Amino acid sequence: MKENYAKIALWQTAFLGDAVLTLPFIKALSSSFPGAEVHLFVRKGVEPLFQAQRELAGVHAFDKRGAQKGMKAAFEFGSALGRQGFDLWISAHTSMRSAVVGMASGISRRIGYDSPWYNRFVYTDTVCRKFDELDEVERLMALGDPLGISGPAPVAGLDLPESAVEDARNFFSSLDGRPVLGVHPGSTWETKKWPEHNFSRIIERAVDGGYTVILFGGPAEVELAERVARQSGRQDAVINLAGSLDLPQLAAYIRMLDLYLTNDSGPMHIAWVQDVPVLAMFGPTVRQFGFFPRGENSTVLEAPGELKCRPCGLHGGRSCPEKHHRCMTDITVDMVWNEILSKTGSRGL
């Protein structure tokens, strides 16, 4: 007999994209335990994206770079959680800090991955992550095995506040009806970035080819977006929204695009989970890691040929260890442009 739960906590305090990838598992949890409250815990700053999600009773921030930094703060945070009535704890994050929070909570049933080694002393149930065998969505679904949750990952969407949806709808209704290309030249990791002058050349071709181009980026990417627009020579025709949208607005605007051109980044996941056509360039990372954009509308573009240094790490890095960055520079402007034309089925007007 399946055990019933009243209040479930799902913990994923890694990056934005990692939190988005939990959405299919959240849907599976909600369907399997319809009488339970499901609460999501994410890193501070990410929580607004999920606050309208229909399956969630609450979204909570963990300030691991601020007020909750350090193991003592993590222990205190977990202890406080343990007094909030949760009867099931599921951790999708494998850090020591996450383990400390889970242990300190004292919640009667705690599920996590069986590695690192210390997890086996933290969780009442552990599952093998099978990193080399499964994609991330399926690795997350495996956390449901001890609960009797099985089968393929459900198709999940992203619910957004009506105010953000209406704002995006009004903005796009003011455009002239040309195909809209969204461009995100940034990434948290420097080596994941396609050269900015290449983005500029794509923007030049797109504007000249009859596309409306919108530049996206976070607050830390405003200067990057400005440089890319300026170097294109078409800055007067580019709509630069970098740094001007909050996360729900960003998601709502991305939802309206004909195509989203991006590096391997968090917003890439916001696009595919809304079934927006995505063209993503992967360099230091590879789709075999399992964090690629999913669905028939998603395309991962990689450098042709084999590079022995690739992949160079799970997240990329601040600089190319081999000093050539060929994993990104070998992806040419022509390759990207041809994919854009193929995916939009249009050469503009």
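The values are calculated or read from the model by the stated rules, or taken from the named source; none is laboratory data. Only a predicted model underlies this, so the values are computations on that prediction, with no experimental measurement involved. Positions of Cβ are generated from backbone atoms using ideal geometry, with glycine treated the same way; all protein chains shown enter the neighbour counts.
Figures for the structure shown
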item	result
Residue tally, condition crowded, with 17+ Cβ neighbours inside 10 Å and either in contact with a Lys or Arg (Cβ under 8 Å, 6 or more places away or on another chain) or assigned to a loop (DSSP other than H, G, I, E, B) (or both), over the stretch 179-191	7
Condition check for Phe62: within 18 Å of Ala156 (Cα to Cα) and either among the hydroxyl-bearing types (Ser, Thr, Tyr) or not assigned by TED's automatic domain parsing to the domain that holds Ala252 (or both)	no
Condition met for Thr124 (among the polar types (S, T, N, Q), without any contact (Cβ under 8 Å) to a residue 24 or more places away in the chain and either surrounded by 14 or more Cβ atoms within 10 Å (Cβ to Cβ) or in the same structural domain as Leu23 (by TED's automatic domain parsing) (or both))	yes
Pairs, first under 21 Å from Pro293 (Cβ atoms) in the stretch 151-164, second in a loop (DSSP other than H, G, I, E, B) and among the aliphatic types (A, V, I, L, M), C-beta under 8 Å, six or more apart	Ala156/Val273; Gly157/Val273; Leu158/Val273; Asp159/Ala52; Leu160/Ala52
Counted residues, the stretch 1-30 - those being closer than 20 Å to Gln84 by Cα, in contact with a helix residue (DSSP H, G or I) (Cβ under 7 Å, 6 or more places away or on another chain) and of a type in the set (Ser, Thr, Tyr)	1
Candidate set from the stretch 243-276 (those that are under 14 Å from the mean Cα position of the chain (by Cα) and among the acidic types (Asp, Glu)); member that is surrounded by the fewest Cβ atoms within 10 Å (Cβ to Cβ)	Asp275
Filter result for the condition that a residue is within 19 Å of the chain's Cα centre (by Cα) and surrounded by 17 or more Cβ atoms within 10 Å (Cβ to Cβ), over Ala99, Ala168, Ala156	Ala156
Failed item in (1) surrounded by 18 or more Cβ atoms within 10 Å (Cβ to Cβ); (2) closer than 30 Å to Lys72 by Cα; (3) not small (Gly, Ala, Ser), with Ile214 passing the rest	(2)
Every pair of residues 6+ apart whose Cβ atoms lie under 7 Å, when the first sits in the stretch 70-85 and is touching a residue at least 40 places away in the same chain (Cβ under 8 Å) while the second is of a type in the set (D, E, K, R) and surrounded by 14 or more Cβ atoms within 10 Å (Cβ to Cβ)	Gly85/Lys7
Hey, Gly290 within 23 Å of the chain's Cα centre (by Cα), more than 16 Å from Trp194 (Cβ to Cβ) and not charged (D, E, K, R) or not	yes
Residues of the stretch 4-29 that turn out to be without any contact (Cβ under 8 Å) to a residue 40 or more places away in the chain and either among the β-branched types (Val, Ile, Thr) or surrounded by fewer than 20 Cβ atoms within 10 Å (Cβ to Cβ) (or both), as a count	1
From the options Val228, Val180, Val213, residue that is more than 19 Å from Val278 (Cα to Cα) and either touching a residue at least 12 places away in the same chain (Cβ under 8 Å) or among the hydroxyl-bearing types (Ser, Thr, Tyr) (or both)	Val228
Residue tally, condition crowded, with 17+ Cβ neighbours inside 10 Å and farther than 17 Å from Asn263 by Cβ, over the stretch 308-340	0
